[in-house]
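For reference, the structure discussed in these notes is given below.
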Amino acid sequence: MISCRHLTKRYGAATAVEDLSFDVRSGVVTAFLGPNGAGKSTTLRLMLELDHGEGVTTFDGTRFRDLPDPIRTVGAVLETRAWHPGRSAHDHLRMLAVGGGVPQPRVDEVLALVGLADVAHRRPKGFSLGMAQRLSLAVALLGDPKVIVLDEPENGLDPQGIHWLRTFLRDLAAQGRTVLVSSHQLAGIETLADDVVVLGRGRVLAQGPLTAFVAGV
Ligand code: ADP
Ligand code: ADP
């Protein structure tokens, strides 16, 4: 379980998120919901300790910064990645695997998992948005992490792409992983998430199982 306590981030005089506390269970998909500007990206970066702010986040009791084996614990898809123009999708993963001490066979494994095996020799520069998203997901999954965090992964995907992603994320959660996905889209949320954390203007407005908020899901 991820526990966030009293997360606060200020940009000068402006407060982006204030005193956020919430838990994210393992084995389910949690949607982090809120309109643009609500503070979702800021919170995810604070949570993963990629950004400085106030508050504490732990995974199963350990601070993120103290995790002994980060690549095997957390995989994140945050903003759009920059890809090297001259290298193939496979090259990117191979280099990241070397850097992270991940065995090479895992590269082909993650490419197959996200459905990119057939285009792995191509350069991501020419990929569609959906393919680029899958490649970012493959990168996040390299270390076979227990926690997967995705910031607005459905942006720009067509309905088929969204369906594929939701099924994929639910499978990851069913394996006992902790899956946290931010979204500004409330419609159809029940096909994505079991739990929700609702954010508005940098505050947690509600959190808990979706069944506590919506009848018939
Ligand atoms: P969301 O991900 O929900 O769209 P963000 O976390 O990106 O929200 O933004 C939350 C608030 O913090 C917004 O008001 C945004 O303008 C502000 N903000 C985000 N990043 C910065 C930054 N680097 N400098 C100043 N303000 C920022
Ligand atoms: P998202 O909704 O995914 O957070 P945004 O468009 O809000 O995307 O932000 C994109 C980038 O711009 C982020 O790196 C964010 O930190 C930065 N940003 C957002 N708002 C501001 C702001 N008011 N001042 C400076 N940087 C900002």
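The values are calculated or read from the model by the stated rules, or taken from the named source; none is laboratory data. Bear in mind the structure is a predicted one, so any value in this text is a computation, not a measurement. Counting neighbours? That spans all protein chains shown, and the Cβs are built from the backbone with ideal geometry, glycine included. Accessible surface areas use protein heavy atoms only, side chains included; no ligands, DNA or RNA. Shrake-Rupley method; radii C 1.70, N 1.55, O 1.52, S 1.80 Å.
Structure notes:
- Solvent-accessible area per residue, Å², over the chain with all protein chains present [probe radius 1.4 Å]: 49 Å²
- Solvent-accessible area, 1.4 Å probe, carbon plus sulfur percent, for the chain: 53 percent
- For the chain, built as a Gaussian network whose Cα springs stay under 10 Å, the top-fluctuating residue of Val119, Val181, Val196: Val119
- Computed extension length for Asp171-Asp19: 51.5 nm, one decimal, from 0.36 nm per residue of separation with the Cα-Cα distance subtracted.
- Gaussian network model of the chain, springs between alpha carbon atoms under 10 Å - residue of Val179, Val98, Val198 with greatest fluctuation: Val98
- Listed by chain and number, the lysines whose C-alpha is less than 22 Å from the C-alpha of Lys9, apart from same-chain residues fewer than 8 away, are Lys40.
- GNM remark for the chain: springs join alpha carbons under 10 Å apart, and the peak mean-square fluctuation among Thr30, Thr73, Thr15 falls on Thr15.
- Here the alpha carbons of the stretch 92-217 define both size measures, Rg and Dmax, at 16.1, 48 Å.
- Distance between modelled label sites at Gln185 and Ala112, nm, 7 Å Cα→Cβ extension: 3.0 nm
- Rounded to 10°, Cα long-axis angle of helix 159-174 versus longest principal axis of the chain: 80 degrees
- With a simple spin-label model that places each label point 7 Å from the Cα along the Cα-to-Cβ direction, the separation between Leu50 and Arg81 comes to 1.1 nm.
- Enclosing the Cα atoms of the stretch 109-181 in their convex hull gives a volume equal to 87 cubic angstrom per residue.
- Working note: Cα atoms of the chain, range along each principal axis, descending, whole Å: 45, 40, 33.
- Separation between Cα centres of the stretch 185-217 and the stretch 84-101, rounded to whole Å: 36 Å
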